[in-house]
Amino acid sequence: MDIIADAIAARLRLERESRGWSLSELAERSGVSKAMISKVERCEASPTATVLGRLSGAFGLPLSVLLALAERAEERLARAADQPVWTDPETGYTRRAVSPANGGGLELIEVTLPAGVRVPYPASAFAFQRQQILLLEGRLDFTEGEVVHELLAGDCLELGAPQPCVFFNPSDVSARYLVALTRR
């Protein structure tokens, strides 16, 4: 097997295990036999495009994303200068993707929320992931459904079941926090 085939096998195993799925569960969700999935994960068989398409569909990932994750498996270091940063032109909210490109099932995002800014999200934005928020600097009022969590520097909050949420910085200085995400 070549390096890419090994990387695909490792990525498939990682995607399955990060969801807590057995081989049988992935087989049922994808329509690919348990024996074939096992052979692919052990690098005893090379998956066809159809098999990869079915497996990526079961994971809820486009095939291109699954392959890109596999191809970048060796990218374990994300230098600060290379981390993508996006700034909301309306609010000045800044989001920096801290994690290496391969993800490894965990994604870290550093956010800077300017003073007085409120950013709402629908429950659907949280449906396929688990999150924890660690406030690094400032103050953050995080509304989760009807509950408001007032976070101060050093506080860490694990989000509950998906529901509408609002990130709000009630102070006169920027808040900086780290969001840790894993897929459900």
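The values are calculated or read from the model by the stated rules, or taken from the named source; none is laboratory data. If you're wondering where the values come from, they're calculated on a predicted model, not measured in any experiment. Surface accessibility is based on the protein's heavy atoms, side chains included, excluding ligands, DNA and RNA. Shrake-Rupley method; radii C 1.70, N 1.55, O 1.52, S 1.80 Å.
Tabulated data
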item	result
Potential lengthening between LEU152 and ALA115 on full extension [0.36 nm per residue; Cα-Cα distance subtracted]	11.9 nm
Long-range tail of P(r) for the range 23-77 (Cα pairs > 13 Å, %)	61 percent
Whole-Hz couplings from phi, Karplus 6.51/-1.76/1.60, listed for the range 9-16; x for Gly and Pro	4, 5, 5, 4, 4, 4, 4, 5
Spread of Cα-to-Cα distances over 10 Å intervals beginning at zero, given as percent, for the chain	9, 31, 28, 20, 11, 1
VAL179 - accessible surface, heavy atoms, 1.4 Å probe, Å² rounded to 10	10 Å²
